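Novice: Structure provided below as structure tokens; questions to follow.
None of the figures in this text is laboratory data; all of them are computed from the coordinates on show. Just so it is clear, the model here is predicted, and its values are computed rather than measured. Counting neighbours? That spans all protein chains shown, and the Cβs are built from the backbone with ideal geometry, glycine included.
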Amino acid sequence: MSEPVVSHPRTKRPSRRSLLAMALAVVASVAFVPTAAAAGPVDRPAQPGGAADPVRTDGRAALASVGGVARDRAGGAADTAEAIAAQRGISRDAAEKLLSAENANVRLANQLTTELGASSGGAYLADGDLVVTVTDAGAAAKVTAAGAKARLVARGERQLQTIQRALEAAASEPNTTWGVDPATNQVVVSLPASGAKNAVQRSMARKFGAAVRFETSAGQIQPNVGISSGDSLGGCSVGFTATDYTFNYIITAGHCTQGYPHWTLPNGQDVGPSLESNYPENDYGLIWMNGSSVWATGVINLWNNTSRSIHGWATAVSGLSVCNSGKTTGFRCGSVLKTNVTVNGAGGTVRQMVETNICTLGGDSGGPLFANNTAYGLNSHANRNGSQCNSTPRTWHQPVGEAINAYQVVIYGAP
């Protein structure tokens, strides 16, 4: 994921060299969809200079005092739990317990897989419990001591990733994906039902035996962009607003900012210029919020008269319950199926994506992927049938941490 940043030459980006040492461990996020009817806090007066509250001295941006924050405290958490309960067929109380357990275990998963290195086969969540696959008894003992479940497997995650890279090097059809499934300890290759290059993929995979599993992909994998002349900012969805403590920004999909040098709301209000775009390979872009009447709010619009505040970001784990918000499909929830997935879609190849079973459509691009108060990604591609959801929906999301680190910002609104 080392594609160079593409800067729009019309706009000079504000210097942030002094922020190279900024701590990025604790961040928060906000998202709103940029349409005239749902602009919400975007229409409110900006803080001075469009910057974070200068009164704060603890190095964090202050949360804007808007009605959305109160709605979050009153109903946002319940709405998230209710959506997960409906998606999984469980009670709301059970969903709340599940979300709480997953929130703690996803961080433990990241910690353990990093510490175990080559001995780790990857981690996944099963009904809220953390399962870490390992290749030796010593690693299993460490996992058990940390409070997670250990499962011995034949192949380490690094070995599976090497196989994945080998498969990517072979000729392939559009609408093909590759990704590691830690639960089955395999690389899963999803191919279209017919294609001249399918035989090449299958021939290559035979070299790796049971380490590779094939699935049939459905629908066309396309970026979820819906921008056209006159749509302005309404063609995509905003993922998260961010700050470098001097200026505020919008982080969204790179295929949204690429080729669109300036953004306004449908009602004519100025938002600001696109500063950078990373697409393909990655899929994230940066918009400078320098319009005189736009500001960050620190909440995500759930499209049901409630909002959700975000207090940090993390790396997603397979099995995690997550939700997506977008201007076309609104607020929907599902589960993470795989991480580190390579997607060969209509707009080019993007890598290290998070795959979910949430249905999203054109216009949802850039929207936030989140759970509880944690940000995970930006809506990127989906296997949709035109303007309809596929019967087995798949959406791929850009991990948000890469954008945060690349642009040296923090997500706005950390309490």
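Novice: Only bridges with both residues in segment 115-192 count here: give the DSSP antiparallel percent, nearest 5. Show your work: numbers first, answer last.
Specialist: Numbers: 11 of 15 bridges.
Looking only at bridges with both residues in segment 115-192, the antiparallel portion is about 75 percent.
Novice: Tell me the relative contact order for segment 68-180 as a rounded percent, counting alpha carbon contacts under 8 Å between residues six or more apart.
Specialist: Details: 122 pairs, mean separation 18.0, N = 113.
The normalised contact order for segment 68-180 reaches 16 percent.
Novice: At what distance in nm do the modelled label points of residue 281 and residue 391 sit from each other, each positioned 7 Å from its Cα along Cα→Cβ?
Specialist: Going from the residue 281 label point to the residue 391 one covers 3.9 nm.
Novice: Evaluate Rg over Rh across segment 261-354, taking Cα atoms for both radii and Kirkwood's formula for Rh. Before the final figure, lay out each step's value.
Specialist: Numbers: Rg = 16.0 Å, Rh = 16.1 Å.
The Rg/Rh ratio comes out at 1.00.
Novice: Ranked from highest to lowest mean number of other Cβ atoms within 10 Å per residue, what is the order of the peptides 138-148, 332-342, 171-181? Walk me through the numbers before you get to the answer.
Specialist: Numbers: 138-148: 15.6, 332-342: 22.8, 171-181: 21.1.
Ranking the peptides 138-148, 332-342, 171-181 by packing returns 332-342, 171-181, 138-148.
Novice: Multiply the residue gap between residue 357 and residue 115 by 0.36 nm, knock off their C-alpha separation, and tell me the result in nm, one decimal place. Working shown, then result.
Specialist: Values: separation 242, 0.36 × 242 = 87.12 nm, distance 2.93 nm.
Full extension of this stretch gives 84.2 nm more.
Novice: Give me the percent relative contact order of segment 280-367, please, defined on Cα pairs under 8 angstrom at least 6 residues apart.
Specialist: Numbers: 134 pairs, mean separation 23.4, N = 88.
The value is 27 percent.
Novice: Just to confirm a number: summing +1 for Lys and Arg and -1 for Asp and Glu over residues other than residue 324 whose beta-carbon lies under 14 angstrom from that of residue 324, what do you get? The partial results should precede the final answer.
Specialist: Numbers: positive: 308, 327, 332, 384, 394; negative: 79, 355, 364.
Charge balance near residue 324 sits at +2.
Novice: Could I ask something else about it? Mind scanning 197/327; 149/197; 142/207; 149/338 and naming the pairs with a C-alpha gap bigger than 30 Å?
Specialist: Details: 197/327 36 Å; 149/197 40 Å; 142/207 33 Å; 149/338 19 Å.
From the list (197/327; 149/197; 142/207; 149/338), the Cα-Cα distance tops 30 Å for 197/327; 149/197; 142/207.
Novice: Starting from the 7 Å offset along Cα-to-Cβ, what nm value, one decimal, do you get for the label separation of residue 408 and residue 346?
Specialist: It is 3.8 nm.
Novice: Additional query: Given points 7 Å out from each Cα along the Cα-Cβ axis, report the residue 246 to residue 202 separation in nanometres with one decimal.
Specialist: 5.8 nm
Novice: State to the nearest 20 debye the size of the charge dipole of segment 74-231 about its Cα centre, where the only charges are +1 on K and R beta carbons and -1 on D and E beta carbons. Each step should come with its number before you reach the end.
Specialist: Numbers: 15 positive and 15 negative charges, 153 e Å.
I would put it at about 740 debye.
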